[in-house]
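Written out below as structure tokens is the structure these notes cover.
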Amino acid sequence: MDNTNSVSTLIDCTTSKIQQLQKAFAELESHRAVTLNLKWKELEEHFHGLEKSLKRRFHELESQEKEFESRTVEAQKLLEKRQAAVVAKEQASLETLQEKRDAAIYVITTAREKQRKVSTEESSVVTDDGQGGPPSVEEKPPDVMVSESNFEEMKSAENGSIEVMSYPQLVKLCEQMDSEGLHKFISDNRKNLASIREEIPLALRAAANPALFVLESLEDFYRLEGPNMDGKKDSNLLGVRRTCIMLMECLSILLTNPDLVSASDVITEEVKDLAEAIAEEWKPKLDALDMDASNGNSLEAHAFLQLLATFGIASGFDEEELFRLIPMVSRRRQTADLCRSLGLTERMPGVIEVLVSSGRQIDAVNLAFAFELTEQFSPVPLLKSYLKEARKASLVKPGNASPTAQNEVNDRELAALKAVLKSIEEHKLEDQYPVDPLQKRVLQLEKAKADKKRVAEAAKPQPKRPRANGVGYGPRVTNVVADKTFYPRVAENRYPQYMYDRQFVYPGPADNHCPSLLGSATYNMSPAHGNYFATGYQYQPAYLH
């Protein structure tokens with residue numbers, strides 16, 4: 001609008017300018033000696049014509065501007081209406097979806113309640129009864145199972161209702177209270193452990209006494225451990241112990257859902273007494289555990305604490321003893337929930353201090369975030385301290401600068417860097433702790449490791465390959481002794497056996513070597529050559545994390 005007013009003002013001043021120009025022209029004409037052919041009248045008409053043209057164009061622009069503003073207002077109103085309509089549709093869709101969810105939950109709850117009332121004979125509808133009736137749920141083809149709606153998946157035959165599960169064998173095993181069979185089923189299907197874990201809490205409802213069933217499944221936790229066997233190295237024992245812990249966790253999940261079962265009905269006083277007896281039996285075995293040796297991942301300590309938390313018997317044990325066990329399970333993902341269930345939340349600052357003093361700052365950072373203690377235990381200084389200690393411990397001592405020692409040092413530093421980077425990513429600390437220098441160091445160490453591996457591979461002697469054309473004998477040469485073979489004989493066990501166990505070695509017949517084309521000269525090797533191969537392969541230690 002300011003520009004429009006200024007243009008209008010300038011146009012209004014045109015008349016005064018013309019008058020001033022007329023006076024100047026008259027004065028100029030009075031001083032000249034020769035009269036100009038151009039008359040003032042013509043100039044005045046010309047300027048008045050320009051003035052009218054400018055005014056007309058100015059009014060046209062004003063009308064166009066007003067029209068544009070009105071259209072803009074109308075478009076804005078129309079856009080607001082459409083936005084309101086979209087918001088209304090979204091709200092209606094959300095309400096409809098919520099109604100469908102509520103209906104689905106109601107159907108699921110109703111089906112579960114009916115299932116609890118169905119007898120064992122009626123629940124056998126899950127399998128084929130062999131009487132020519134309708135096919136069971138298990139017998140339906142996969143495409144039919146996928147095409148059915150969520151409500152139809154919760155229905156079964158006319159004489160009962162039972163929840164459709166991916167592993168109906170779990171329900172059968174729980175109904176039969178077959179703890180040994182349950183262990184075997186989980187072991188045989190360990191590749192699908194995630195999906196099995198989701199269904200076990202529901203399957204436990206089919207057991208006559210879920211809590212007693214879980215307690216019976218703990219019998220082999222220590223039974224398989226022989227007197228002269230290291231249980232931590234026995235894969236079968238590790239699998240059994242992990243399964244025992246998982247079953248106790250699944251029972252806890254079942255007990256926390258009041259819509260499914262009542263905790264007081266499942267965990268009776270008799271069950272608590274039996275759980276306490278098992279805990280008292282396990283307790284002496286924990287005294288020999290070493291916190292440093294367990295590295296925060298002790299299955300024995302985890303199972304003991306999970307037993308107390310699941311069956312609610314922690315009050316019968318000394319809190320100091322429980323406090324001592326927490327650092328032994330600090331790397332387990334369930335540690336924070338276990339501490340809350342055992343009533344050890346107030347003791348967590350002490351646990352974190354123990355972890356920091358023992359050089360396990362990564363676990364300390366995880367627990368600090370889990371219990372909102374980051375102000376008391378700042379995570380970034382803890383991570384920097386962990387990395388500093390790892391680098392300090394990785395320094396090669398003078399006189400021990402062998403390739404094996406250097407590789408172990410690099411592996412320890414690389415593992416520490418990766419653990420710190422993972423912690424920064426999980427807790428979103430990139431703004432407080434830049435990761436670029438750490439990532440560059442990781443790339444540097446990985447490149448050095450790869451280069452050393454290539455150098456070691458290149459230094460290995462490659463066994464001679466047979467001739468590509470497959471000819472058994474070469475051309476006759478007069479200066480070659482007839483009975484000498486292509487490869488010189490070497491003493492037995494001079495080189496390790498793995499030198500010849502390579503994929504690209506194709507040994508030919510022992511009596512069909514080609515005679516040498518270059519004479520019978522042998523290859524001279526230094527006395528230390530054999531020692532090199534004896535140390536060429538070293539054990540690569542695992543990462544710290």
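The values are calculated or read from the model by the stated rules, or taken from the named source; none is laboratory data. Owing to the predicted nature of the structure, the values given are computational and were not obtained by experimental measurement. Virtual Cβ from ideal backbone geometry, glycine too; neighbours counted across all protein chains shown. Heavy atoms of the whole protein, side chains included, go into the accessibility calculation; ligands, DNA and RNA do not. Shrake-Rupley method; radii C 1.70, N 1.55, O 1.52, S 1.80 Å.
Before moving on, here are some points about what is shown:
- For segment 268-347, the direction-averaged projected area of the alpha-carbon convex hull comes to 4.9 nm².
- Extension gain for Arg190-Thr268 works out to 24.9 nm (0.36 nm per residue, less the C-alpha to C-alpha distance).
- Gain upon complete extension [Ser70, Lys17; 0.36 nm per residue less C-alpha separation]: 15.4 nm
- Computed with a 1.4 Å probe on the full set of protein chains, the accessible area for Glu74 sits at about 120 Å².
- Linear extension gain, Lys453 paired with Asp431, 0.36 nm per residue minus alpha-carbon span: 4.3 nm
- Fraction of C-alpha pairs exceeding 17 angstrom in segment 378-457: 50 percent, rounded to a whole number.
- Estimated at the nearest 10 Å², the accessible area of Val73 is 80 Å² with a 1.4 Å probe.
- Computed FRET value (nearest 0.05) for Ile108 with Glu280, which takes r as the C-beta separation and R₀ as 30 Å: 0.15
- Each residue, Glu346 and Gln334, gets one label point 7 Å from its Cα in the Cβ direction; the gap between the two is 2.6 nm.
- Subset of Lys428/Lys449; Lys184/Lys285; Lys388/Lys440; Lys388/Lys449 violating a 23 Å alpha-carbon distance limit: Lys428/Lys449; Lys184/Lys285
- Model label sites at Leu61 and Glu198, defined 7 Å from Cα along the beta-carbon direction, differ in position by 6.9 nm.
- Ordering of 92-105, 349-362 by burial proxy (mean other Cβ atoms within 10 Å per residue, highest first): 349-362, 92-105
- In Å², nearest 10: area of Ser252 left accessible to a 1.4 Å probe: 30 Å²
- Calculated FRET value between Glu446 and Ala288, using beta carbons and R₀ = 51 Å, to 0.05: 0.85
- Whole-Hz ³J(HN,Hα) from phi, Karplus 6.51 cos²θ - 1.76 cosθ + 1.60, for segment 415-429, glycine and proline x: 5, 5, 4, 5, 5, 5, 4, 5, 5, 4, 5, 5, 9, 6, 10
- Surface composition of segment 328-454: carbon plus sulfur atoms contribute 51% of the solvent-accessible area (1.4 Å probe, protein chains only, all chains present).
- Karplus-derived 3J(HN,Hα), 6.51/-1.76/1.60, for each residue of segment 299-305, Hz, glycine and proline x: 6, 5, 5, 5, 4, 4, 5
- Note, ³J(HN,Hα) from phi for segment 183-193, Karplus 6.51, -1.76, 1.60, rounded to Hz, x at Gly and Pro: 4, 5, 4, 5, 5, 5, 10, 5, 5, 10, 5
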